[in-house]
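Peer 1: Submitted below is the structure of interest, expressed as structure tokens.
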Amino acid sequence: MAASATTPPGTVPATPPPPKPWYKQLYFWVLTAIVAGVLTGWLWPSAGVALEPVGTTFVSAIKMLITPIVFLTIVAGIGGVDSLRRVGRVGLKSLVYFQAGTLAALALGLIAVNLFRPGAGVHAHPGELQLSGDAAQYVKDGENQSWWHFLTDIVPDSAVGAFAEGNILQVIFFAVLFGVALKAVGPVGAPLVDGINRLSTVVFKILHYIMLAAPVGAFGAMAYTIGTYGISTLTSLGQLIGLFYGTSLFFVVAVLGSVLALLRINVFRLLGYLREEFLIVLGTSSSESVLPRVMTKLEGLGVRRDIVGLTVPTGYSFNLDGSSIYLSLAAVYIAQATDTPLTIGQQLGLLAVMILTSKGSGGITGAGFIALAATLSTVGTVPAAGIMLIFGIDKFMSECRALTNLAGNSVATLVVARWERVLDTARVNRVLRTGIPEPAVAPDPEPGRAQHAPRTHLGDTSATLGAGG
């Protein structure tokens, strides 16, 4: 359920609008499209493969808007903050939490793969594994990446190039610099901040139009996946797939759920609030496809715009919980499958390298494989060619990676807001219960500073995107 488009920002309608019928809700049509896509790919594989352009075109249309939305949101967020110290503080706290979350996810994957040992008994000989096709290219890319590559890659060759290539990390870097400079020039930049807020509204309206095609995109993407790889692929390495999904589910419910419990927020209500976004990610196998919607939904919980604008986009490169679980599971699985002995010290060494190689690869095709190859190439104790053992099922694991990443970044934003002492838990629980967004109007001023007038913000667009309540 969404707030009325005419409701002033930060207020609750006196009379909530009636809920949409279930058959008009976006999540219903996306779920229906996913089921239809699975059946099409299973019963008519050739037709499923032919539907690839349907799914890829929808994802491309979403990605077309991601970098402009990230840039506009960050710049507007920084421009509306009364103190640049607040921006630095939010960024630092986000990175600290991201590191803690990544470490917890990597450690959980390491524990799970050692406990259940899904690769034991495979006895694959590394010399007989031949790299070919995309897998060979991913390994080559991984071998060319150093553990510190994300530090150097953060600076784009040109500002335009960062937008053209869709490199979120580089866009964030440029947006932060632009926002800080805009804030530093004082009143001169005020009209530009207002223009950026107005432009954000237009861009989100474009996103609303594109999201109307979400069920079609999910249908095409799912039909292509099943038609290309077949359901039988799921059974050949079902133990590894099941372990990955089970570990990720445990991480979301137990680990992230415990974090939210400390904030007095129910994890299942948060997951329900984001159900439409989860279904779109499941259908498209891309968490980027819902990045703008998630930012709007989190603002609808009352989280300040500058916190959302800095935490969520940065988390797409630095807080990849699902990818971290996948990395530790896959690396040790390959070692088990190729009978490569790994001591506890060697596994901890893998984990230390993964903390770095897991960063900065969000949005890159084959990012999971590139990060995995970079890890194995750096450590050298596990044969990189072993990724061929799991290449065939990677597509079925990518959905789980994206879903877990989405959950992790949503929780991270709430944690940072609480850390900043600006999270209204009562408001969050009220929105989760009713589905009516209550976005914050503007950041509170730093002590000793005058508060600026309320600004237009992305939360106002929740009515056009659908609150999913």
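Peer 1: Let me spell out the model: positive unit charges on the Cβ of Lys and Arg, negative unit charges on the Cβ of Asp and Glu, origin at the Cα centre of segment 194-347. What dipole size does that give, in debye rounded to 20? Spell out each step's value before the answer.
Peer 2: On the way: 9 positive and 8 negative charges, 99 e Å.
Computed charge dipole of segment 194-347: roughly 480 debye.
Peer 1: Please give the net charge around ALA261, taking every other residue with its beta carbon less than 15 angstrom from that of ALA261, where Lys and Arg add +1 and Asp and Glu add -1. Present the calculation step by step, with values, prior to reporting the outcome.
Peer 2: On the way: positive: ARG264, ARG269, ARG418; negative: none.
Within the 15 Å Cβ shell, the charges total +3.
Peer 1: Round to a whole number: what % of the accessible area of segment 245-332 belongs to carbon and sulfur, probe 1.4 Å?
Peer 2: 70
Peer 1: Between segment 265-342 and segment 50-68, what is the separation of their alpha carbon centroids in Å?
Peer 2: Computed from Cα coordinates, the inter-centre distance equals 19 Å.
Peer 1: Assuming 0.36 nm per residue, please report the length gained on full extension of the stretch ASP339 to ASP424 beyond their Cα-Cα distance.
Peer 2: Full extension of this stretch gives 25.4 nm more.
Peer 1: Accessible area per residue, 1.4 Å probe, Å², for segment 300-348: what's the number?
Peer 2: Each residue of segment 300-348 exposes 19 Å² on average to a 1.4 Å probe.
Peer 1: Simple spin-label model, 7 Å along Cα-to-Cβ: GLN346 to THR381 in nm?
Peer 2: 0.6
Peer 1: Moving to a separate point now. Mind ranking 179-188, 403-412, 80-89 by how tightly packed they are, going by the mean number of other C-beta atoms within 10 angstrom, highest first?
Peer 2: The packing order, highest mean first, is 403-412, 80-89, 179-188.
Peer 1: I'd like to compare 255-266, 339-350, 311-322: which one has the highest average count of other Cβ atoms within 10 Å, and what's the full order after that? Please report the intermediate quantities before stating the final value.
Peer 2: Working: 255-266: 16.5, 339-350: 14.1, 311-322: 27.2.
Averaged packing, sorted descending, gives the order 311-322, 255-266, 339-350.
Peer 1: Say each of ILE111 and GLU52 gets a label point 7 Å from the Cα, pointing the same way as Cα to Cβ; how far apart are those two points in nm?
Peer 2: For ILE111 paired with GLU52, the spin-label model returns 4.1 nm.
Peer 1: Quick one: which of 66-73, 116-123 comes out on top by average Cβ neighbours within 10 Å, and what's the full order, highest first?
Peer 2: 66-73, 116-123
Peer 1: For LYS395, tell me the accessible area in Å² from a 1.4 Å probe, rounded to the nearest 10.
Peer 2: 60
Peer 1: Working out 0.36 nm times the residue gap between LEU103 and ALA254, then minus their Cα-Cα distance, what length gain in nm do you get to one decimal?
Peer 2: Extending this stretch completely gives an extra 52.8 nm.
Peer 1: May I pose another question? Is the shape of segment 38-126 best called rounded, prolate or oblate, per the rule: a/c under 1.5 gives rounded, else a/b larger than b/c gives prolate, else oblate, with a ≥ b ≥ c the square roots of the Cα gyration tensor eigenvalues?
Peer 2: Oblate.
The values are calculated or read from the model by the stated rules, or taken from the named source; none is laboratory data. Remember, it's a predicted structure, so these values are computed and weren't measured experimentally. Cβ coordinates were reconstructed from backbone atoms using ideal geometry, including for glycine residues, and neighbour counts include every protein chain displayed. Only protein heavy atoms, including side chains, enter the accessible area calculation; ligands, DNA and RNA are left aside. Shrake-Rupley method; radii C 1.70, N 1.55, O 1.52, S 1.80 Å.
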